[in-house]
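Heads up: the structure comes next, in structure tokens.
Values in this text are rule-based calculations from the coordinates and carry no lab data. Here the structure is a predicted model, which means the values were calculated and not measured.
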Ligand code: SF4
């Protein structure tokens, strides 16, 4: 197991360990933003299927050159792990855990199984990744497609970018209040993101300097 796998595994085990206790709190306190997020994911899934499935199948999946899944260390947020676990069965999480414990000897993402990505709600970074070639092909044909994609990118920030109180931060906060910690809690640990929260008046300067 490399350090990336170890970090991912620790986050997954932390979520698993506390999910039974925190599930109700998450679903009650975050009901509305979670519903909004799942709607956003449904809309982007449809958009990607409508405008990119043909391009991506031809250029990537058929010749196995998928650019997005060929990186061995994709960024995942702690909230990605929580959201996926909310939608996933224990057996499916077992499969993810087993993959994380296996040596990754290829040049593919550790989460890429022969049947595809093992995440049911894949990380937001993956959802919003479109390679330059695919963008060029789809956007050059239709400016409305480009405009819609830009609108989705803007909407994504409503869940992940902490210049206001966002879903991904609220999820981290619920686990932090329960005594959990993870290096994937970027909205509460990344100095860059903490600075943005400070500039937005959401946290005190000492939290930025202390990198809590
Ligand atoms: S997490 Fe899934 S979608 Fe993202 S890079 Fe890995 S296999 Fe691909």
*Could you tell me what fraction of 2.2 N^0.38 Å the Cα radius of gyration of the range 3-161 comes to, as a two-decimal ratio?*
1.10
*Counting alpha carbon pairs within less than 8 Å and at least 6 residues apart, what relative contact order, in whole percent, applies to the chain?*
27 percent
*Based on the Cα coordinates of the range 111-191, what is the per residue volume of their convex hull in Å³?*
143 Å³
*Using a 10 angstrom cutoff on alpha carbons, build the Gaussian network for the chain and name the most mobile of 23, 170, 144.*
144
